[in-house]
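Read through the structure below, which is laid out as structure tokens, and then see the notes.
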Amino acid sequence: MPSYPEYDYVIIGSGPAGMAAAVTARQQGLSVLVLDEQPAVGGQIYRNLEALESDRPDEFRKLGAEYQTASELVRAFRQSGAEHLRGRSVWQIDPDLTIRHLGLVDSGTTVPSGCRAKRLLIAIGAMERPMPLPGWTLPGVMACTAADVLYKSSGLLPSGQVVLAGSGPLLLLIACRLLDAGVSIGAFLDTNPRGSLLKALPLLPDALKAAGYLTKGAGMLWKLYTSGIPVHSGVDGLEAVGDEQVKKVRFRKEGQWHEVETDLFLLHHGVVPNVQITRQLGCEHRWYEPQRYWEPVLDEWGNTTLDNVAVAGDCGRVCGAAVSELSGHLAALETARALGRLSPTGRDAAAAPFRTQLARQKAVRPFLDALFAPAQPWLVPENEDTVVCRCEEVRVRDLRTVVQHGVQGPDRVKSMIRCGMGPCQARMCGLTVSEVIADERQLSPEDVGYFRIRSPIKPVTLAQLAGLD
Amino acid sequence: MFHQPRDPRSPSVPFTFEGQACEATAGQTVAAALMGAGHLTLRESIVSGSPRAAYCMMGVCFECLVEIDGHPNQQACMVLIREGMQIKRQSRPLGE
């Protein structure tokens, strides 16, 4: 066994939650290592923030006030004395909190390494909910945040005509950013079911405590509707059409199919926690019905059901950057208590201001979660030819067939037809597989369960493994 | 399908894709560098051989797997482009 270095606190992810936790933990005198597989700090939301601020200041200013605030957090993180390893992919965590990670090829070494943690914080954020529809594997069909990532981290903008489809605040935000950048948008296809607002209205009064989110949303809607681009609401069917790459989008509205030409088709169906690491570790998860995803079971400090393993940020429940940052501070204070640096009363006193802000920031979530509840056509695709597992090309029809033959859960489906067995390890199909099985068996996905996620959670070659110990 | 509108003051980074000379801007990921150079389709799917391209750009979907300097199955969206990188498309295994 190699002797891996041990830290009081190992944090995976350097988005708002990870950076905040590192800053607070260092203030409490803990030794801290932050691992991130991304090339730069900031997570997805503040991706490439440092380089944007220094090299592309005009574009940085356009990204909004949150970015200015975030740059203070990044500076505090840089000055905190936390060790930071970028470009390291965690592929396995052992029960004794040995964290095994690999370097990406650009770092000059792909040699596996590791570290040991007294306390572990998982702050790996969220991912876009897969939106399976016919043709979604065609080149030119992308998750909508992919366009944002390409712009922020690499300065690329779509050329030709873009079509956006789906629902949720992020889709609006990205549509507005594309409009600002002068990108040609062929259509905005809103798939939010009619009547969603009515269902969410009872939750509005509480949401007004965080009115900033609502005014921002209203501003974005205004911009979209006055921009002159075709906006279609109540879209309940979508197809991407093309041979070598996407050429047009077919969409159904009020029972009629329409077509629009496109060079880039951006999809968005909300955001879900990335539970790959908490699942590999064996933390308990529960079903969150309003947004139809699984989340790790957490206490008020972010502790999971496993000793010394906690979660902060959107990989616990999707609440956005401000809440993530606050939850990172809280998790670090709890770690300081667990390691004897703070008394319970000291921890609570230090946590009080964060908790006040947290209550206010979280107030808008029940309203948003209800307003943008995921829509049935993309939870259980009606077209049985739709590819569910992109890696192994398993379709809705294949899933229904094995369930009709008596298969009851995701793991059996995997061993029968390889669904969820490809390199993405069910990240892109897991939720849909549970939904389709549940639909076929007339149960809730909660009863059907999810794939068992095993190490390695990132591809590692036998040669790399052989050189391990 | 993607272009780089800003004045590229950052140094240009030469690399090859399928043996063809390409240029990227320093700091770009391999996936972005390939898209900026006009290469959208990065591989064939392993079952039907259908064309595939980067989907999520954040390390989740594994659609952008390419061979980099002889290392197969690298996530092009996670790796930064380096001068002289030799990048290859991954095809469906022979005989399937």
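The values are calculated or read from the model by the stated rules, or taken from the named source; none is laboratory data. Keep in mind that this is a model prediction, so the values were computed, not measured. Using ideal geometry, Cβ is built from the backbone for each residue, glycine included, and neighbour counts are taken over all protein chains shown. For accessibility, only protein heavy atoms count, side chains too; no ligands or nucleic acids. Shrake-Rupley method; radii C 1.70, N 1.55, O 1.52, S 1.80 Å.
Hydrodynamic analysis of region A:249-350 uses the Kirkwood radius over alpha carbon pairs. Inserted into Stokes-Einstein at 10 °C and 1.306 mPa s, it gives a translational diffusion coefficient of 97 µm²/s. For region A:238-245, putting each phi into the Karplus relation 6.51 cos²θ - 1.76 cosθ + 1.60 with θ = phi - 60° gives couplings of 9, 9, 9, 10, x, 9, 7, 7 Hz, in residue order, rounded to whole numbers and with x for Gly and Pro. Note on region A:19-77: Cα-only Rg and Dmax are 12.5, 38 Å. For the protein assembly as shown, the antiparallel share of DSSP beta bridges with both residues in that region comes to about 55%. Rounded to the nearest 0.05, what FRET efficiency do A:Ala463 and A:Leu204 have when you use their Cβ-Cβ distance and R0 = 45 Å? So, using R0 = 45 Å, E works out to roughly 0.20. Measuring from a point 7 Å past the Cα of A:Asp299 along Cα-to-C-beta, which residues in region A:305-329 have an amide N at less than 19 Å? Label zone hits: A:305-313, A:316-317, A:327-329. Interface area, chains A and B: about 4000 Å² of buried accessible surface, summed, with a 1.4 Å probe and ligands, DNA and RNA left out.
Could you estimate the translational diffusion coefficient of region A:106-157 from the Stokes-Einstein equation, with Rh from the Kirkwood formula over C-alpha pairs, at 10 °C and 1.306 mPa s, in whole µm²/s? After rounding, the answer is 104 µm²/s.
With a/c under 1.5 counting as rounded, go ahead and sort region A:98-230 into rounded, prolate or oblate using the C-alpha gyration tensor (a ≥ b ≥ c being the square roots of the eigenvalues; past the cut-off, prolate if a/b is larger than b/c, else oblate). Oblate, since a/c reaches 1.5 and b/c is not below a/b.
Against chain A, whose longest principal axis comes from its Cα atoms, helix A:16-27 is set at around 10 degrees. So if we plug the beta-carbon distance of A:Arg360 and A:Val231 into 1/(1 + (r/R0)^6) with R0 = 25 Å, what FRET efficiency do we get, rounded to 0.05? Here the calculated transfer efficiency is 0.20. What would the Debye formula give as log10 I(q)/I(0) at q = 0.20, 0.24 Å⁻¹ for the alpha-carbon point model of chain B, no solvent? Scattering profile of chain B, log10 relative to I(0): -0.94, -1.30. Taking every C-alpha pair closer than 8 Å and separated by at least 6 residues, the mean separation divided by the residue count of region A:202-255 gives a relative contact order of 23 percent.
Averaging the sequence gap over all C-alpha pairs within less than 8 Å and six or more residues apart, then dividing by the number of residues, gives chain A a relative contact order of 19 percent. Only one residue of A:Leu368, A:Cys389, A:Tyr225 has its Cα farthest out toward the positive end of the dipole of chain A, where Lys and Arg carry +1 and Asp and Glu -1 on Cβ, and that residue is A:Leu368.
Dipole magnitude for chain A: computed about the Cα centre from +1 point charges on Lys and Arg Cβ and -1 point charges on Asp and Glu Cβ, it is near 620 debye. Distance from the C-alpha centroid of region A:251-275 to that of region A:412-469: 25 Å, rounded to the whole angstrom.
Label positions at A:Asp96 and A:Glu382, each projected 7 Å from the Cα along the C-beta direction, are separated by 5.6 nm.
Round to the nearest 10 and give me the degree value, 0 to 90, for the angle of helix A:344-362's Cα axis relative to the longest principal axis of chain A. Rounded to the nearest ten degrees, it is 20.
On the beta carbon distance between A:Glu244 and B:Ala26, with R0 = 41 Å, the FRET formula returns roughly 0.85. Taking label points 7 Å from Cα along the Cα-to-Cβ direction, B:Thr16 and A:Ser31 give a separation of 4.6 nm.
Taking the alpha-carbon centroid of each part, what is the distance from region A:1-33 to region A:113-156 in angstrom? Here the answer is 23 Å between Cα centres.
Normalised by the number of residues in chain B, what is the relative contact order in percent for Cα pairs under 8 Å and 6+ residues apart? With pairs under 8 Å counted, the relative contact order is 32 percent.
So for region B:54-96, what percent of the C-alpha to C-alpha distances run longer than 15 Å? Counting every Cα pair in region B:54-96, those more than 15 Å apart make up 44 percent.
Once the Cα-Cα distance is subtracted from the 0.36 nm per residue extended length, the A:Arg78 to A:Ser159 segment shows a gain of 25.5 nm.
Multiplying the residue separation of A:Asp348 and A:Glu6 by 0.36 nm and removing their Cα-Cα distance gives an extension gain of 120.4 nm. Mean residue ellipticity at 222 nm, helices only, the protein assembly as shown: -9500 deg cm²/dmol; runs of at least 4 DSSP H residues each add -39,500 (n - 2.57), and the sum is divided by the number of residues.
If a/c stays under 1.5 just call it rounded; otherwise compare a/b with b/c (prolate if a/b is bigger, oblate if not). Do that for the protein assembly as shown, with a ≥ b ≥ c from the square roots of the Cα gyration tensor eigenvalues. Judged from the Cα gyration tensor, the protein assembly as shown comes out rounded (a/c under 1.5). Relative to the longest principal Cα axis of chain A, at what angle does helix A:169-180 sit, 0 to 90 degrees, rounded to 10? Long axis of A:169-180 versus the principal axis of chain A: about 80 degrees. Compared with the alpha-carbon gap, the fully stretched path from A:Arg452 to A:Gln408 is longer by 14.4 nm at 0.36 nm per residue. Only lysine pairs 8 or more places apart, or on different chains, with alpha-carbon atoms under 26 angstrom apart are counted in the protein assembly as shown, and they number 24. Sparse packing (at most 16 other Cβ atoms within 10 Å of the Cβ) combined with a DSSP loop state is found for the following GluC sites (Glu not before Pro) in region A:266-346: A:Glu284, A:Glu300. For region A:161-202, what Kirkwood radius comes out of the mean inverse Cα-Cα distance, in Å? After inverting the pairwise mean of 1/r, the radius is 11.4 Å. Would you kindly state the longest site-free stretch of chain A, with sites defined as trypsin sites (Lys or Arg not before Pro) in a DSSP loop (not H, G, I, E, B) surrounded by at most 12 other Cβ atoms within 10 Å? The reported range is A:195-453. Proximity of backbone amide H atoms, modeled 1.01 Å from N, is registered between A:Val231 and A:Phe188 at under 5 Å, excluding neighbours fewer than 5 places apart on the same chain. For a modelled paramagnetic label at A:Ser415, 7 Å from Cα along Cα-to-Cβ, the residues of region A:439-453 in reach, with backbone nitrogen under 15 Å, are A:451-453.
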